[in-house]
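Here is the structure we will look at, set down as structure tokens.
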Amino acid sequence: LKRAKNFNAGPSALPLEVLQQAQQEIVDFKGTGMSIMEMSHRSKTYEDVHNEAQELLRELMGIPENYHILFLQGGASLQFSMIPMNFLQRGQAAGYVLTGSWSEKALKEAQLLGETFIAASTKEGNYRRIPSLDELQYDQNAAYLHITTNNTIFGTEWSEYPDTGNVPLIADMSSDILSRPIDVSKFALIYAGAQKNLGPSGVTLVIIRDDLVERGTQDIPTMLKYSTHAKNNSLYNTPPTFGIYMLGLVAKWVKQQGGVEAIYKRNLAKAQLIYDVIDASNGFYLGHAEKNSRSLMNITFRLKTEELEKKFLEESKQQGFVGLNGHRSVGGCRASTYNPVPVESCIALKEFMEEFQKKNG
Ligand code: PLP
């Protein structure tokens with residue numbers, strides 16, 4: 001069996017066990033003689049898959065009972081618009097913390113729909129760090145405060161979250177959901193495109209507190225209201241059934257790995273292997289993020305010259321590594337070490353980086 005050493009930033013690697021189970025069930029799901037894709041979304045068989053995926057997430061993330069778990073479409077990018085549409089009322093302003101390209105995109109959509117302000121920004125210095133909690137500026141009248149918990153492109157990640165009092169805290173967790181234990185009750189709304197830690201693209205997970213569902217603007221299109229999806233258990237229209245089934249399998253896999261705490265320990269160890277090479281390289285590899293803002297999911301670094309970077313990327317490809325190029329907007333290199341990336345791939349990358357430095361340093 002040939003599997004790539006896959007460090008793609010998204011869509012990214014899936015656990016082999018999950019793919020193999022899906023492969024087995026693809027023509028006959030549990031004796032139905034059908035694939036899950038061919039089945040009515042109103043059938044009991046599908047509904048069980050749907051509800052089980054929600055229950056597993058609730059258990060793994062410790063999601064309290066007063067939160068809805070929604071499976072939507074449109075990616076995290078549609079959430080950039082749905083959030084202000086539902087929660088940015090006239091007379092209020094929404095705060096955005098800018099920590100990278102995705103938070104900028106979220107802000108841009110909100111600016112089309114209402115008043116906004118920048119609660120903090122680390123753009124100066126090219127997003128190398130997460131602001132400290134006391135840098136955040138907002139008052140208790142803010143409609144909400146929006147943060148991006150992991151910055152996929154720049155490779156920085158929040159390690160603690162603000163206590164925002166009555167201001168709803170909204171988080172884009174697209175690239176670090178389910179990778180570390182979090183206290184869901186600190187957040188009013190969490191959203192994530194599935195294609196990194198949760199499954200294939202096409203499903204967007206939204207975890208939303210009951211009072212926000214009630215509070216949302218009502219005179220907007222039906223499909224764009226959280227209340228529509230909350231009232232209908234994400235079955236108002238045809239949901240992305242195959243993606244939700246896959247998300248359920250991934251959640252089951254996380255549980256089998258020992259849950260989020262165990263996955264977190266593994267993620268720490270995986271990222272450490274690569275950060276250690278960067279730190280011991282005497283400047284041969286230059287990490288982008290400041291040390292205390294480093295992401296466990298996306299490790300961003302450069303080499304001294306673009307020529308050397310090109311050589312690094314070419315040789316890595318020849319050795320079976322996939323996806324080590326940085327995002328087109330920042331260049332350089334990036335290793336994305338999401339939950340499904342096995343420790344063995346990280347060890348192989350560590351060895352490749354050391355070897356490359358020996359030959360070219
Ligand atoms: N937010 C973050 C942090 C991301 O990493 C991404 C995609 O990489 C997005 C939002 C956009 O997600 P989608 O492609 O699901 O719209």
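Summary table below
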| item | result |
| --- | --- |
| FRET efficiency estimate (nearest 0.05) - Cβ-Cβ, Leu1 to Gln257, R0 25 angstrom | 0.80 |
| Which of Met223, Leu189, Leu212, positive extreme of dipole for region 143-256 (C-beta unit charges) | Met223 |
| Cα-centre dipole for region 259-360 with unit charges at Cβ (Lys and Arg positive, Asp and Glu negative), debye to 20 | 160 debye |
| Gaussian network model of the chain, Cα within-10 Å springs - most flexible of Leu72, Leu308, Leu60 | Leu308 |
| Label-point gap, in nm, between Ala93 and Ser35 - each point 7 angstrom along Cα→Cβ | 5.1 nm |
| Label-zone membership for region 246-268, site Val322, 7 angstrom Cα→C-beta point, backbone N under 15 Å | none |
| Cα gyration tensor shape for the chain, rounded if a/c is under 1.5, else prolate or oblate | oblate |
| Residue order, fewest to most surrounding Cβ atoms within 10 angstrom, among Tyr245, Tyr46 | Tyr46, Tyr245 |
| Check: the chain dipole with +1 on Lys, Arg Cβ and -1 on Asp, Glu Cβ, in debye | 800 debye |
| Rounded, prolate or oblate (a/c below 1.5 giving rounded, otherwise prolate when a/b exceeds b/c) for region 85-233 by Cα gyration tensor | oblate |
| Fully extended contour minus Cα-Cα distance, from Val184 to Gln111, at 0.36 nm per residue | 23.6 nm |
| Exposure proxy ranking, count of Cβ atoms within 10 Å, fewest first, for Thr204, Thr238 | Thr238, Thr204 |
| Counted charge near Pro168, where neighbours are those whose Cβ lies closer than 11 Å (Asp, Glu -1; Lys, Arg +1) | +2 |
| Cα-based shape type of region 102-150, given that a ≥ b ≥ c are square roots of the gyration tensor eigenvalues and the cut on a/c is 1.5 | oblate |
| Residue among Arg42, Arg128, Arg266 with the largest mean-square fluctuation in a Gaussian network model of the chain, springs linking Cα atoms under 10 Å | Arg42 |
| Value at 222 nm in deg cm²/dmol, rounded to 500, when DSSP H runs of n ≥ 4 in the chain each add -39,500 (n - 2.57) | -11500 deg cm²/dmol |
| Virtual spin-label span in nm between Ser43 and Glu160, 7 Å along Cα→Cβ | 5.1 nm |
| Restricting region 240-313 to GluC sites (Glu not before Pro) in coil, as DSSP defines it, with at most 15 other Cβ within 10 Å | Glu290 |
| The chain: most fluctuating residue of Arg90, Arg302, Arg129 per GNM, C-alpha cutoff 10 Å | Arg90 |
| Selection from Gln24, Met61, Asn86 lying farthest towards where the dipole of region 1-98 points positive, charges on Cβ | Asn86 |
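Here, each number is a calculation from the coordinates, and none is a lab measurement. Since the structure is predicted, the reported quantities are computational estimates derived from the model, not experimental observations. Positions of Cβ are generated from backbone atoms using ideal geometry, with glycine treated the same way; all protein chains shown enter the neighbour counts.
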